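The structure appears below as structure tokens.
Each value in this text was obtained by applying a stated rule to the coordinates, not by laboratory testing. Keep in mind it's a predicted model, so treat the numbers as computed, not measured. Note: ideal-geometry Cβ built from the backbone for every residue, glycine included; neighbour counts use all protein chains shown.
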Number of protein chains: 2
Amino acid sequence: MSAKRDALRTKLIDAAERRMRANGLTGLRARDITKDAGCALGGLYNAFGDLNELVLHVNARTLDHLSDKIVNAREGLAPKDALLAIALTYARFAQENRTLWDALYDHKMPDNTDIPDWFRTHQSNVMAHVVGDLAALQPDLPSKKVHIRASTYFSAVHGIVAVSLQGRFLGLPSDHLHEEIERFVGYILSGSLGASEKKSAH
Amino acid sequence: MSAKRDALRTKLIDAAERRMRANGLTGLRARDITKDAGCALGGLYNAFGDLNELVLHVNARTLDHLSDKIVNAREGLAPKDALLAIALTYARFAQENRTLWDALYDHKMPDNTDIPDWFRTHQSNVMAHVVGDLAALQPDLPSKKVHIRASTYFSAVHGIVAVSLQGRFLGLPSDHLHEEIERFVGYILSGSLGASEKKSAH
DNA sequence: AATTGTATTGAACGGTGTTCAATTCTGTGT
DNA sequence: ACACAGAATTGAACACCGTTCAATACAATT
């Protein structure tokens, strides 16, 4: 009964993704998308409640795409090497899909309604890889703490990539990005493993 | 000859800062600002070329405010302790001035005109503290590399704070933010100092 | 007081996301 | 085949945004 509707939804997501890839999130116009998708302006609000909801679907695709890249890069690697591979893959993905990646962070929910659960799932799927390798490295650490450290690790790498790419605050030159990430991850891994977790036992 | 004009400029910046503190960057309306400042709508475009230019001035103030906080926190501390103090101060500032801090990163230049030099100076002033302490820790490192590492260090901390505060990707709970930053900085400092820089000599 | 130059005004413009009465389409019963 | 009801689609209209610029108010000089 909603096959037609779903077809329109994917056509709209396709069109929005193309526009976002080319012109970024700020260059996204409802009129352009619906024209590309071959429906009337109002059709967007039939398929989705909101333009923001459509953006959310494009972002979900981007996260899945990123997740696939991480799976490939991580495959068959020991946890330490896997964590480095994830970081470098994240950086490369951001560089190669700049506008789509920007939208992941530039997009804001209207008012301050919170992010829907179905979208959080896509975010978690990406983070799960970091969680997995970190858990393998520290098997005696409670799951909750593993998640917290995974978040810290992931967001630190993200910060390096983000500031480098948008060139704020001096801006790390993009040529040195991968080099700096390698050094940085080395510090983290040696710090979090080499000295071990003697204090945390208490 | 432009005393009147400068007075209007500061009145507009004041009004814009108040509005941004209350409603964030997305809640900023030219009509609200000019009403608060007591001038006509067009007056904004007399004092500034653009609404974006006005936002830039508010952001510059925010950076100066942050820089002051860092100076106070850093005062009289050894480089290692200073770097930790800077990170924690950055996190606390972000929490206490959430909307203004968000605007530092949410604001985008129109088209893709690049950030004016006078604004970059304010950014550099913040970063200078990190650069100083990092240079003190590694006196034999070329200045250019010190800047690159400062950028890496700063942006990693920024990433942790940013992801934690906006609660994306699982989202590190804000209660654990300072704790995680302490651990994290410990890793970095022990990694970058403890093992020393034997390889970099060649 | 007249005149010139400058600063300020706010109605008007183009472009945005969103709505909803009007229209077209679709499927069913006769 | 036809009529008809319910659902899907349309696109003109709306409210609101940043920005402009001719008209106005003001200031200074002669």
Review point. Restricting attention to segment B:14-47, which trypsin sites (Lys or Arg not before Pro) occupy a DSSP loop and are surrounded by at most 15 other Cβ atoms within 10 Å?
Key: B:R29
Check your understanding: What relative contact order, as a whole-number percentage, does segment A:52-196 give when Cα pairs under 8 Å and 6 or more residues apart are counted?
Key -> 27
Exercise for review: Treating only the Cβ atoms of Lys and Arg (+1) and Asp and Glu (-1) as charged, compute the dipole magnitude of the protein assembly as shown about its Cα centre; round to the nearest 20 debye.
Suggested key: 460
Review point. Longest segment of chain B with no GluC sites (Glu not before Pro) in a DSSP loop having at most 15 other Cβ atoms within 10 Å?
Key: B:76-196
**Study point:** Helix-only mean residue ellipticity at 222 nm for chain A, each DSSP H run of n ≥ 4 adding -39500 (n - 2.57), per residue, nearest 500
**Key:** -23500 deg cm²/dmol
Check your understanding: By what distance, in whole Å, do the Cα atoms of the protein assembly as shown stretch along each of the three principal axes, largest value first?
Key -> 70, 60, 42
